[in-house]
């Protein structure tokens, strides 16, 4: 009678033992991926790793190794909370293996030792990395090492609501020629203000809707500084061009004064903004290439090309038309075993292959990272991707990778907002910014 | 019985304050990290060294990789494939490369095909420069510099270490920044305005008004009113603030209502600094008033009914009762509420964060919110722990000073002195 239970448990133990033996020979690796600023159209930033893991597992199987990769995905829709969570997690040694974030984080995170150079794990001369646009690879480099693999590219156009442009006297041919005129500097930010005013005076849009900018801080606002002749960095040193910054601050103060932009625009609910630009409540606005995806997929703007024209950010006084590309990059976080990081790096490499990256590019209306990606059917057949690539990308600048750039940005934006809302005049704002930059950055910034 | 209190005080008050003070004396940020740093000769460090030590700065400004006997010996010691050493010795001995990339291209092309990790390991051995190398200790950096032929005096070593250190350092700079920045002064004024107005209008005056008026109501009506005024406090703050947003947004209730009279919709919450303050103070005041109301109501309840009856017999009006019976006996609760609410208004920012986020244009940015934004949450991800902690420390000092002033104004010593009658 007692033999049976003993036999039972012995069998059970044997089975358990055998099963662990099987698992032990298989390699289980958990790779965690976080991404910032990832809305519903950006799911392939993290989902690409499911595909990559599948391929890597199959490759391992062919080599005779059993590799089992569990991908843990954590996309964040915003930036503030994402950067807070990631920085603190990394300081607490709980960083994910891979993170997709803006390239400007490379500077401070590399200095703090939170990330490791991706070139330590990936041969940059091998495909598909060798095929990525060199200027994008440049953007993900810092202190002579490549820290990240560009995850996407984009650029940030101006948008014009075609029916209103017609209503204030532009012919179809004029509107068609607008991108070229902007590029040559014949249509400037001054014209933007005038046309926005005309639209309002004609009653096409409500007061404050003529020019309808981004509702919160973003890289976009550096474009205006560039339009007015400003430079962000020269030979590794940040540059604060007082005159250019003043013209930038003044331009937004003028927009408010003319009534074409709302004084309290910053901080308005984002959802409302999207709905309004998608339904023609705004005359002229600016955004990013990825806005196309949201306008068409989520906001119900069915016929984008019939209603919207897009151009570079027009030139202002002392500068030229430009746009900004703010590539996200896959970075490898420190604090993991070399083996895990190597698998994470291999996954990044596979996820950067043209066909997989194109899924993200087209779904989210970002731009491709390599020439061969533009030849993938999905990409080539997409009107937005091909037109935007051609019209915008050659003129794109990027923000510098500089460990102090965040400080500069915070101070620049604080005073931007203050002069916009009228809390300070443009003069005072520029002087305050200068004083604070001097005290915060000292010799690390050139002020002129 | 003093031990438990002492433990509690040191754990929950002194320790956080001391930690904040320690952080406040550093330049800790995202870029410096919290746990310490390394020594790295970056382009920025070379720039910093150019004025003090131009010769050294020029000498270390370029990367240089050399295939030499020393490197080959080290490679042999690594016990990777023997072919690597042999091939490098026969085909590449003495070659100099101006960048890591170029050196690695040669290593990658070796017939035995080293892996990416091995390529890195090998190229490290032939690195004859310090540019961009991360040294975990100061001594390693100095040793490498010595190998390159730079023998430095201790003073020079300090200069180099200072210029190349990536971690945080002790500094009082944060307090200088706080003292000199016009924005900090503005935030300080914002805070003073916010705390004093909310405190005076709502947390004390309005609470007192509610307590006194409900005191003169029949008991059941009074409890209904008190329950209503408790709603803002017991509603989860996110939902409570969301209700205010629905009220004030462009597409919210106020806009819809005045839209009936032909006014264009606008965002009343963020329309101007005045609007924002108006709503911020209402949002906080409604929450704060309920606390004072409860404290004051129960204090009034504790006043012996006989005093009210006696004053009525003497023909006192309601106002005279309030003035001569209620208020004198509320000194203690008023002190408590004023003191407590000052501190809580100084430290709390969640309602502002959820409603205006400090906007429009930093108009409603108060000290604690600014400290939070600086140290922990901003768009650029540049978290300045040191500066934020310094800001928090200022708040601690302000809180203690204000409490002492309150104790003096309300003559705390007389409140706790022994009643004469029982002597």
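The values are calculated or read from the model by the stated rules, or taken from the named source; none is laboratory data. Everything numeric in this text was worked out from a predicted model, so none of it was measured. Glycine gets a Cβ as well: all are built from the backbone with ideal geometry, and neighbour counts include every protein chain shown.
Observations on the structure shown:
- Total residues in segment A:179-199, condition buried (at least 21 other Cβ atoms within 10 Å of the Cβ) and out of contact with any helix residue (DSSP H, G or I) (no Cβ under 8 Å at 6 or more places or on another chain): 2
- Filtered residue count, segment A:91-103, keeping only those that are out of contact with any strand residue (DSSP E or B) (no Cβ under 6 Å at 6 or more places or on another chain) and either more than 14 Å from chain B (Cβ to nearest Cβ) or assigned to a loop (DSSP other than H, G, I, E, B) (or both): 3
- Residue list for segment A:117-143, restricted to those being within 21 Å of residue A:356 (Cα to Cα) and in a loop (DSSP other than H, G, I, E, B): A:121, A:122, A:123, A:124, A:125, A:126, A:127, A:128, A:132, A:133, A:140
- Wholly within segment B:312-423, helices (runs of 4 or more DSSP H) carrying at least 1 residues that are farther than 30 Å from residue B:167 by Cβ and more than 12 Å from chain A (Cβ to nearest Cβ): B:318-321, B:331-347, B:350-355, B:385-409, B:412-416
- Matching entry among A:375, A:320, A:302 (being more than 14 Å from chain B (Cβ to nearest Cβ), within 20 Å of residue A:182 (Cβ to Cβ), surrounded by fewer than 21 Cβ atoms within 10 Å (Cβ to Cβ) and over 19 Å from the mean Cα position of the chain (by Cα)): A:320
- Residue under evaluation residue A:400, criteria (1) closer than 15 Å to residue A:48 by Cα; (2) out of contact with any helix residue (DSSP H, G or I) (no Cβ under 7 Å at 6 or more places or on another chain); (3) outside any helix (DSSP H, G or I), criterion not met: (1)
- Checking each residue in segment B:264-277 for being surrounded by 14 or more Cβ atoms within 10 Å (Cβ to Cβ) and either touching a strand residue (DSSP E or B) at 6+ places or on another chain (Cβ under 7 Å) or part of a helix (DSSP H, G or I) (or both) picks out B:273, B:275, B:276, B:277.
- For segment B:48-115, the helices (runs of 4 or more DSSP H) that sit wholly inside it and include 1 or more residues that are within 14 Å of chain A (Cβ to nearest Cβ) are B:54-59, B:100-108.
- Condition broken by residue A:219, with the remaining ones in (1) crowded, with 18+ Cβ neighbours inside 10 Å; (2) in contact with a strand residue (DSSP E or B) (Cβ under 6 Å, 6 or more places away or on another chain); (3) more than 14 Å from every other protein chain (Cβ to nearest Cβ) satisfied: (3)
- Filtered residues of segment A:299-316 (kept if farther than 17 Å from residue A:392 by Cα and out of contact with any helix residue (DSSP H, G or I) (no Cβ under 6 Å at 6 or more places or on another chain)): A:300, A:302, A:303, A:306
- Cβ-Cβ under 7 Å pairs, at least 6 apart or on other chains, segment B:300-319 side outside the structural domain of residue B:219 (by TED's automatic domain parsing), far side surrounded by 10 or more Cβ atoms within 10 Å (Cβ to Cβ) and modelled with pLDDT of 90 or more: none
- One residue from A:385, A:361, A:396, A:315 being surrounded by fewer than 23 Cβ atoms within 10 Å (Cβ to Cβ) and either at pLDDT below 95 or in the same structural domain as residue A:191 (by TED's automatic domain parsing) (or both): A:396
- Scanning segment A:42-90 for residues that are crowded, with 20+ Cβ neighbours inside 10 Å and part of a strand (DSSP E or B) gives A:69, A:71.
- Number of positions in segment A:200-215 that are buried (at least 21 other Cβ atoms within 10 Å of the Cβ), under 29 Å from the mean Cα position of the chain (by Cα) and farther than 17 Å from residue A:251 by Cβ: 1
- Of all residues in segment B:169-180, those satisfying the criterion of being under 30 Å from residue A:143 (Cβ atoms) and either in contact with a helix residue (DSSP H, G or I) (Cβ under 7 Å, 6 or more places away or on another chain) or part of a helix (DSSP H, G or I) (or both) are B:173, B:174, B:176, B:177.
- Residue within segment B:291-306 that is surrounded by 20 or more Cβ atoms within 10 Å (Cβ to Cβ) and either at positive phi or within 14 Å of chain A (Cβ to nearest Cβ) (or both) present: no
- Lone qualifier among A:160, A:252 - being more than 14 Å from chain B (Cβ to nearest Cβ) and either in a loop (DSSP other than H, G, I, E, B) or buried (at least 18 other Cβ atoms within 10 Å of the Cβ) (or both): A:160
- Any hit, segment A:111-128, residues being more than 14 Å from chain B (Cβ to nearest Cβ) and either under 23 Å from residue A:313 (Cβ atoms) or at pLDDT 95 or above (or both): no
- Residue A:390 touching a residue at least 40 places away in the same chain (Cβ under 8 Å) and part of a helix (DSSP H, G or I): no
- Residue within segment B:166-183 that is out of contact with any strand residue (DSSP E or B) (no Cβ under 7 Å at 6 or more places or on another chain), over 25 Å from residue A:110 (Cβ atoms), in contact (Cβ under 8 Å) with a residue 24 or more places away in the chain and loosely packed, with under 13 Cβ neighbours inside 10 Å present: yes
- When we screen B:228, B:187, B:224, B:212 for residues that are assigned by TED's automatic domain parsing to the domain that holds residue B:339 and closer than 30 Å to residue B:389 by Cβ, the only hit is B:187.
- Hey, residue A:293 in a helix (DSSP H, G or I) and over 17 Å from the mean Cα position of the chain (by Cα) or not: no
- Within segment A:412-446, the set of residues being assigned to a helix (DSSP H, G or I), over 24 Å from residue B:272 (Cβ atoms) and within 27 Å of the chain's Cα centre (by Cα) comprises A:437, A:440, A:441, A:444.
- Just one of the listed residues (A:173, A:167, A:153) is more than 11 Å from every other protein chain (Cβ to nearest Cβ), farther than 30 Å from residue B:266 by Cα and surrounded by fewer than 18 Cβ atoms within 10 Å (Cβ to Cβ), and it is A:173.
- Count of segment B:116-129 residues, restricted to those that are within 12 Å of another protein chain (Cβ to nearest Cβ) and over 17 Å from residue A:118 (Cα atoms), is 2.
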